[in-house]
1. How big is the dipole moment of the stretch 210-266 about its Cα centre under a simple scheme where the beta carbon of each Lys and Arg is +1, that of each Asp and Glu is -1, and everything else is neutral? Debye, nearest 20, please.
2. Could you work out the pair-distance distribution P(r) of the stretch 119-265 from its alpha-carbon pairs, with 10 angstrom bin width and percents rounded to whole numbers?
3. Give me the number: length gained by fully extending Leu22 to Asn157, i.e. 0.36 nm times residue separation minus the C-alpha to C-alpha distance, one decimal in nm.
4. How large is the dipole of the stretch 119-265 about the Cα centre if only Lys and Arg carry +1 and Asp and Glu carry -1, each at its Cβ, rounded to the nearest 20 debye?
5. Placing +1 on the Cβ of each Lys and Arg and -1 on the Cβ of each Asp and Glu in the stretch 119-265, which of Leu260, Asn249, Cys198 has its Cα farthest towards the positive end of the resulting dipole?
6. Return the sequence-ordered ³J(HN,Hα) values of the stretch 136-147 in whole Hz as given by the Karplus equation 6.51 cos²θ - 1.76 cosθ + 1.60 applied to θ = phi - 60°, using x for Gly and Pro.
7. So how do His245, His182, His216 line up by other beta-carbon neighbours within 10 Å, fewest first?
8. What's the extension gain from Ala250 to Val82 if we count 0.36 nm per residue and subtract their Cα-Cα distance?
Amino acid sequence: MHLTKLYILFIHFGITDAIDILLVAIILYLLYNMVKGTSAVNIFIGLALIYVVWIVTKAFELKLLSSLMGKFVNVGVIAIMVVFQQEIRKFLLYIGSNEFIRSRNWRNILKFNINKAEEGIELDVDELITACFNMSETKTGALIIISRKSDLKFYINSGEKVDSALTSRMLENIFFKNSPLHDGAVIIINNRIVAARCVLPVTEKENFPANYGMRHRAAVGITETTDAIAISVSEQTGAVSLTTHGEINAGLTREKLRFLLEKNIR
């Protein structure tokens, strides 16, 4: 009986079915790229697996299990809207932006970034460390974000475009207290300072240590939702910290900061 149903299914498979499957595959790929490198990717994979299991149980007429899995699928849209609210907001803002409307290079939307993931990222560690500890000595507050695989375009657009080589003098000038760009974060991509004065999300952890300020909250917030690296220089103490995956490594020396940077950019 099951073989007959499967046979009939393939007999009626036409061009519209092929287009339907292709479009769904493209949408799923775009959604995966949107959450790739963030903590939400595991939830995305989990929801996809639940849906696949539900399809399989329906095909084999496992009524009890199919009914149970169907309950998860029925509330799937609400769950997706709650869990991925930040990603959906970023996607809608990008879709409505002039940059998206004017873009004609649609291959960038569908291209694979395998090489980038395998090769690591380019970063002048010496210039970065020099800038951080020069600012530490003068207790100049700073927040530096280093992009890895996650797309930080939404946060870049919230600030001022810079497009400068990564040098210690440039970073120190940006975060100088009288500079118009000192308030906010600097974002570095491929060894270039691409934006300054960027607005970042702050962590919502209830047990966040009270001795950390807004720069550290933003450092944890951006690394909770992306795979970026965040370096903070405290304005009160001059302490240098590095944050990844929502975890702060505080009170770093030059050697420890170098070790953590080299470890995370490979």
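Read-outs throughout are calculated quantities, based only on the coordinates presented, and are distinct from any laboratory measurement. Predicted model, so just to flag it, every value in this text is computed and none were measured. A quick note on method: Cβ atoms are made from the backbone with ideal geometry, for glycine too, and the neighbour counts reach across all protein chains shown.
1. Value, rounded to 20: 160 debye.
2. For the stretch 119-265, the binned pair fractions read 12, 48, 36, 3 percent.
3. The span from Leu22 to Asn157 would gain 45.4 nm if fully extended.
4. 200 debye
5. My answer, from the dipole projection, is Cys198.
6. 5, 5, 9, 6, 8, x, 8, 9, 10, 10, 10, 6
7. His245, His182, His216
8. Computed gain between Ala250 and Val82 is 57.3 nm.
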